[in-house]
């Protein structure tokens, strides 16, 4: 079956530093989505990547889809306290054509001032 | 901002009680989902629906049941709550691009 691994599981970042979180799949993905969940909140859609090698930016966030469409990364520059939360990658299940997503376990980000 | 609502936001009940968690969306989405999530942990799909009168169980075995009589409404019912059901329950719906919109969640505590 499809395996997805998000690394790291936890990330402690000093405010102002950069960090990257990764999502790795054992199979080729049709597309990948990223969600952010603030502490005590609910997941909120950030972005969807579809094309091989695609790079998209949202202010300080840079999302990348690997050339082989098996991995993705989220890079945050100049981390702020508002970046605190858990970042999930998600992708359509290979055996399902009805839109169900497989979510990664998430990277929990803590920012120290 | 997505228009998906869940009530109640918080619920504390005793063992053995029957409860219904409400979820409604005003976006006209056909696909809806229920996830169970413990604090800081991953999302587990427990139910989903492709449309009216269509419901399926998800990955995580759950003693809850769901119904989909109207497109906008997808309630979840626990006939007899137990402490092991204590968790956060998140409802979501998705559009044609399969982007999922989540409700604020219901935090359930069973004593």
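Bear in mind these aren't lab numbers, they're just calculated from the coordinates by the rules spelled out. Predicted, not measured: the structure shown is a model, and the values here were computed from it. Note: ideal-geometry Cβ built from the backbone for every residue, glycine included; neighbour counts use all protein chains shown.
At a glance:
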| quantity | calculated |
| --- | --- |
| 16 Å tail of the calculated P(r), chain B, as % of Cα pairs | 55 |
| Percent antiparallel among DSSP beta bridges (both partners in the protein assembly as shown, rounded to 5) | 90 |
| DSSP-defined antiparallel bridges as percent of all bridges, chain A, nearest 5 | 90 |
| Fluctuation leader among A:41, A:16, A:85 - chain A, Gaussian network, Cα springs under 10 angstrom | A:41 |
| Added length on full extension, which subtracts the Cα-Cα distance from 0.36 nm per residue, residue B:52 to residue B:80 | 7.5 nm |
| Anisotropy class of the range A:30-103 from Cα gyration tensor, a/c 1.5 cut | oblate |
| Within a Gaussian network of chain B (alpha carbon springs, distance under 10 Å), most fluctuating of B:14, B:58, B:40 | B:40 |
| GNM top mover of B:90, B:11, B:21 - chain B, alpha-carbon springs below 10 Å | B:11 |
| Spin-label proximity, residue A:50 to the range A:1-39 - amide N less than 19 Å from point 7 Å beyond Cα toward beta carbon | A:28-35 |
| Inter-chain Cβ neighbour average for residues B:93-101, partner chain, 10 Å | 5 |
| Stokes-Einstein D for the protein assembly as shown, Kirkwood Rh over Cα pairs, 4 °C, 1.567 mPa s (µm²/s) | 71 |
| Inter-probe distance in nm under a simple model that places probes 7 Å from Cα toward Cβ, at residue A:20 and residue A:67 | 1.5 |
